[in-house]
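No value in this document is a laboratory result; all are computed from the given coordinates. None of these values were measured; they are calculated from a predicted model. Positions of Cβ are backbone-derived with ideal geometry, glycine not excepted, and every protein chain shown enters the neighbour counts.
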Amino acid sequence: MSVLYRTVDQVAVITLDLAPVNSLGLALRKAIRDAYESATADENIKAIVINSSQKVFCAGADITEFGTEQSFADPSLPSLCDLIEASAKPVVAAINGMALGGGLELALAADYRVAKTGAKLGLPEVNLGIIPGAGGTQRLPRLANVNVALDMITSGVPINTDKAVEAGLLDKVYGVETDEEFETVAIEYASTLADLNAPVLSCENLEVAADSYSDDTFSAYKAKIAKKTAGYYAPNRCVDSVEAATQLPLKEGLQREAEIFQDCADTPQARAQQHLFFAERAAGVIPGVDRKVPLRDIKKVAVIGAGTMGGGIAMNFANAGIPVTLLEIKKEFLDNGLAKVRQNYEISAKRGRLTEAQVEERMALFTGTTSYADLADVDLVIEAVFENLDVKKEVFTELDKVCKPGCILASNTSTLDVNEIAEATSRPEDVLGLHFFSPANVMKLLEVIRADKTADDALMTTLKLAKTIKKVPVVVGVCYGFVGNRMVAPYSREAFRVILEGATPEQSDLALTNFGMAMGAVSMGDMAGIDIGCMAAEANRETWEDDKTYQALQFNLKDLGRLGQKTGRGVYIYEGRDKHNDPEVLELAKAIATENNIEQRDVSEQEIVDRAILMLANEGAKILDEGIAYRSGDIDLVYIYGYGFPAYRGGPMQYADELGLDEVVKRLKHYQQSLGEYGERWFKPAPLLERLAAEGKPFKDFQKM
Ligand code: 3H9
């Protein structure tokens, strides 16, 4: 049973009891309806309480049902809400924890709402590419006001009980300790309401407060959120649906909401965003590893290297209240590193994100040292020194000598062989990679590199720790560049190659930013440093020597001392943050093209997108086939959280799935032929891609375990 039903002093208590989050699938909806009908039919019952036996009140509609017949089957969530709203007996929703999406909509249909301190109320549907579809856009503006509704529905961010009371969404908040106590007071509250003949309330009789909107409220709101929501479809539709609440009676407004909900639900964006929701949760499941393996205790962390990366990594731990020791080889470097960390915190304080007291609290968690001996009692060390295998191996040999048994030894390498690094120690089972992305205190992605001998408990401990420091961890295997940087090589190769073929750097960048990337590959190269890109290319010397056009533009720029943003000139010319095209670079590209018999022509935006983005998916297919990533969703997370891929497209693998893998193969083969020798060399579809396309399957169904 997914619902518990009992009566206490003439109050029917309907307890949602479906672990883990009371998602409102068909079975739970039926059980609620049946319990509710028993309560309304029983003459002895004077009031009804709906509460939860779980940590959360209710996480809303069952997302796994979306796109199936079950999601519409009777009773649908909207009809269940309507049923509850029509009750002749007072219904009290007792919200003990998160009330999200359909969970909050169920509560909004009740006559009264009470909450336990710490509960949260939210309508996060927009994060799934849809709008609230069970009355949220109609009842919320009626019960609160237009502004509260627009903010909650378009941002998806839940509000706390204080804000909910202020908005008129909660009738009472109880500062009780346990859910049992909360249930008792909620039943008492419902009983009193009935005894006082408190009115049953229906939003049908409520109008949206007329002073909470005017003629231009909705267009102005769309303009306000335009920058933040660029590329996303659902946010504006949320606004449209709330607007309908101001124009139509409840019943018709609900009908309008249902139409808009369906319109959004049918989009690739909705599928993409829902794919990411599940991908994030699946990423914690590692093949062959027991999810419940006892974890190691991480109370104290050390970071080797106090440069920009090391300092940024260390800040993550201080931000989470974990003491962190920063080690540098020279006192001067250490002092600089600590000063930089302080400067970062001071900037946050100036922007109002931290108080001065918080800055001091965080700084107090830092200890600086130049001696490895001071790392004897830490539980995790992250090495963030120069990207050179010999240097890293020396560090690990040193760590092996001083660190206590069971200490996890991690390398922040972005490309190197973690197996080799592990072999520099006598305890390879404690060694893994933790690849942070720059700026390390901001970027959410953490590639967790599982080496051949990494122990399961070390791996799972770092996954848990990653959540503590608010990162999205993705476990990957060992190969050059792991998932992110390995895939970025062919992507960026195409974004630069089209410049030799006649596109301007701006056209290359614009095609990708129009597609939704946070930044074009050319600008990204300038930002990271042209010399850094060349270094990565040199590591692939074989490829580079074989194809004279491979990164030719970058190597030429490097020789000219144009190293990117940091030298004021790279592909672009920089004046502060502004950048301009440079005719010299176009000339240089033309010269390289002539030298290599590349015909310059108009390159369409579609071609640029196809070549760069499909290269990501093609390399991703190889990575999947080799078992370097466990699932296509893992690769998508890497690109969403580490490389500015638009979440509304769900990541490069989901994008390919949505396009259809047969279409992807077709397009790759087209370029394989049309680009001559170059096409033949680089555009051959990966074997897994061809195989899945032939079988009519998407990447997301493939799992190499
Ligand atoms: C909606 O309501 C539409 C309506 O307006 C209209 C309909 C017509 N469905 O996150 P966790 C699973 S749309 C199915 O790890 P936490 C989750 O996959 C919905 N499954 O726990 C995971 O499974 P597994 C709007 C769901 O404690 C397990 O539960 N609501 C759902 O860190 C535990 O989840 C939302 O968008 C669901 N709705 O966080 C809320 N929710 O163990 C989505 C969770 O197999 N949910 N699961 O990996 C959340 O934000 C978080 O789960 C929550 C708990 C904060 C509730």
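Whole percent per 10 Å bin, from 0 to the bin with the longest distance: what is P(r) over all C-alpha pairs of segment 3-265?
Binned Cα distances yield the sequence 8, 33, 37, 18, 4, 0.
Considering the Cα trace of segment 335-394, what is its radius of gyration and what is Dmax, both in angstroms?
Rg then Dmax for segment 335-394, in Å: 15.0, 43.
Could you sort 250-258, 112-120 so that the peptide with the highest average Cβ count within 10 Å comes first and the rest follow in order?
112-120, 250-258
Which of Lys622/Lys704; Lys116/Lys172; Lys464/Lys622; Lys120/Lys172; Lys330/Lys350 have a Cα-Cα distance over 20 Å?
Violating the 20 Å limit, Cα to Cα: Lys464/Lys622; Lys330/Lys350.
Which order do peptides 73-80, 593-600, 135-142 fall in by mean Cβ count within 10 Å, highest first?
135-142, 73-80, 593-600
Could you go through segment 221-236 in sequence order and give the Karplus-derived ³J(HN,Hα) for each residue, using 6.51 cos²θ - 1.76 cosθ + 1.60 with θ = phi - 60°, rounded to whole Hz, and x for Gly and Pro?
Per residue, the Karplus-derived 3J(HN,Hα) values read 5, 4, 5, 5, 8, 4, 5, 5, 10, 3, x, 8, 8, 5, x, 5 Hz.
I need to check one value: relative contact order of segment 3-265, counting alpha carbon pairs closer than 8 Å and at least 6 residues apart, in percent.
Relative contact order here is 19 percent.
Averaged over every viewing direction, what's the projected area of the C-alpha convex hull for segment 1-123? Give it in nm², one decimal, please.
So the Cα hull casts an average projection of 6.8 nm².
If you average the sequence gap of Cα pairs under 8 Å that are 6 or more apart and divide by the length of segment 301-476, what percent do you get for the contact order?
20
Tell me, how many Å apart are the Cα centres for segment 73-117 and for segment 443-507?
43
Per the Debye formula with a single identical scatterer at each Cα and no solvent contribution, what log10 I(q)/I(0) holds for segment 301-476 at q = 0.13, 0.19, 0.20 Å⁻¹?
Those come out to -0.58, -1.26, -1.40, one per q.
Could you tell me what a quarter of the Cα convex hull surface of the chain works out to, in nm² with one decimal place?
It is 33.2 nm².
What Cys residues in the chain are without a partner cysteine, judged by a Cβ distance under 4.7 Å?
Cys58, Cys81, Cys203, Cys238, Cys264, Cys479, Cys534
Step through the residues of segment 46-63 one at a time and calculate ³J(HN,Hα) from phi using the Karplus curve (6.51 cos²θ - 1.76 cosθ + 1.60, θ = phi - 60°), rounding each to whole Hz and writing x for Gly and Pro.
Once rounded to whole Hz, the list reads 9, 7, 10, 10, 10, 9, 9, 8, 9, 4, 9, 6, 5, 8, x, 4, 6, 5.
Where in segment 586-628 does the amide nitrogen come within less than 20 Å of the point 7 Å from the Cα of Ala282, taken along Cα to Cβ?
616-628
How big is Rg to Rh over segment 275-396, alpha-carbon atoms, Rh as the Kirkwood inverse-mean-distance radius?
Result: Rg/Rh = 1.04.
Tell me which residues come under 5 Å, amide H to amide H, from Ile449 once H is placed; ignore anything under 5 positions away on its chain.
Hits under the 5 Å cutoff: Gly433, Leu434, His435, Val476.
Find the relative contact order for segment 191-344 and round it to a whole percent, using C-alpha pairs within less than 8 Å whose residues are 6+ positions apart.
14
Binning at 10 angstrom from zero up to the longest distance, how are the C-alpha pair distances of segment 631-672 distributed in percent?
With a bin width of 10 Å, the distribution comes to 32, 43, 25, 0.
Under the Karplus relation 6.51 cos²θ - 1.76 cosθ + 1.60, θ = phi - 60°, what is the ordered set of whole-Hz ³J(HN,Hα) values for segment 110-127, x standing for Gly and Pro?
6, 7, 9, 9, 10, 9, 8, 3, x, 5, 9, 10, x, 10, x, 3, 4, 6
Between Ala339 and Lys55, how many nm apart are label points set 7 Å from Cα along the C-beta direction?
Spacing of the two 7 Å Cα→Cβ label points: 4.4 nm.
Which three extents, in whole angstrom, do the alpha-carbon atoms of segment 484-701 cover along their principal axes, largest first?
Computed over segment 484-701, the largest-to-smallest principal extents equal 49, 35, 31 Å.
I need the peptides 524-531, 408-415, 174-181, 689-696 ranked by packing, meaning the mean over residues of other C-beta atoms within 10 angstrom, with the highest value on top.
Result, highest mean Cβ count within 10 Å first: 408-415, 524-531, 689-696, 174-181.
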